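Q: The structure is given below, and queries will be raised subsequently.
The values are calculated or read from the model by the stated rules, or taken from the named source; none is laboratory data. Computed from a predicted structure; not experimentally measured. Cβ atoms come from the backbone with ideal geometry, glycine included; neighbour counts cover every protein chain shown.
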Amino acid sequence: MSEYDFDLHFRLTAPDEDPESHLGRLLEEECDDSTVGVGRRGHIWLGFGRDAASASEAIFSAIAAVQRAVPGARLLVVGPDLVGLTDVGELLGCSRQNVRQLVFDGEPDPPIAVYSGHTNLWHLADLLTWLREKKRYPVSDELLDLAEVNRQVNLFVESRHIQPAVQDEIRAVLAEDRLLREVSAR
């Protein structure tokens, strides 16, 4: 068993619903290993430190417990997933400057940020995998597993917004792109 630290953010059924009204049920439904954030009406955040055999067991059991306690709550995001350098430093127990030096010192090429702006954001799983494989940085299996499960859950949650017709168009375009690359490589 390992302890997995992660966050869940849910939207409640009504936009003006008081999240504090669910605190008792959350405790009854095995969420006593979480810190609950109730600062915004219609939303509830939970920061878990859950013991489990795997990251997926920890995350899925927590999601199920929240959904039992708060029927109709809709999962919005699991974290950590999209992170900046400060977040990575905190997770690895080192400074932001240390992570920045590892990522931007040149070779080998780091993963591409999914958002580049004032603060760059990466999928945590991509950065951790790269740090472990290319920089030989010590990254725990548990943290890497957690990051990958979080990304998969978030991708699934986001996929609910894809319109079927648009999804078909995307598949067609990407298939054509792949075929063109294969032909030009010959």
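Q: For the range 38-64, what are the residues that are free of Cβ contacts under 8 Å to residues at least 40 places away in the same chain and in contact with a helix residue (DSSP H, G or I) (Cβ under 8 Å, 6 or more places away or on another chain)?
A: Once the filter is applied, which keeps residues that are free of Cβ contacts under 8 Å to residues at least 40 places away in the same chain and in contact with a helix residue (DSSP H, G or I) (Cβ under 8 Å, 6 or more places away or on another chain), the range 38-64 yields Val38, Arg40, Arg41, Gly42, His43, Ile44, Leu46.
This table checks each residue for (1) among the charged types (D, E, K, R); (2) not in a strand (DSSP E or B); (3) not assigned by TED's automatic domain parsing to the domain that holds Val153.
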position	(1), (2), (3)
Ala14	no, yes, no
Leu27	no, yes, no
Glu30	yes, yes, no
Thr35	no, no, no
Glu57	yes, yes, no
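Q: Could you list all residues from the range 94-126 that are at pLDDT 95 or above and within 14 Å of Val139 (Cα to Cα)?
A: Leu124, Ala125, Asp126
Q: Please state which one of Glu90, Glu133 is part of a helix (DSSP H, G or I) and farther than 23 Å from Ile59 by Cβ.
A: Glu133
Q: Of all residues being farther than 18 Å from Leu124 by Cα and surrounded by 18 or more Cβ atoms within 10 Å (Cβ to Cβ) in the range 1-15, which is farthest from the chain's Cα centre (by Cα)? Just the residue, please.
A: Leu12
Q: If you don't mind, another one. Please go through the range 1-37 and pick out each residue that is hydroxyl-bearing (Ser, Thr, Tyr) and farther than 11 Å from Val70 by Cβ.
A: Ser2, Tyr4, Ser34, Thr35
Q: Next up: Of all residues being assigned to a helix (DSSP H, G or I) and either closer than 16 Å to Leu8 by Cα or not hydrophobic (A, V, I, L, M, F, W, C) (or both) in the range 76-87, which is nearest to the chain's Cα centre (by Cα)? Just the residue, please.
A: Asp87
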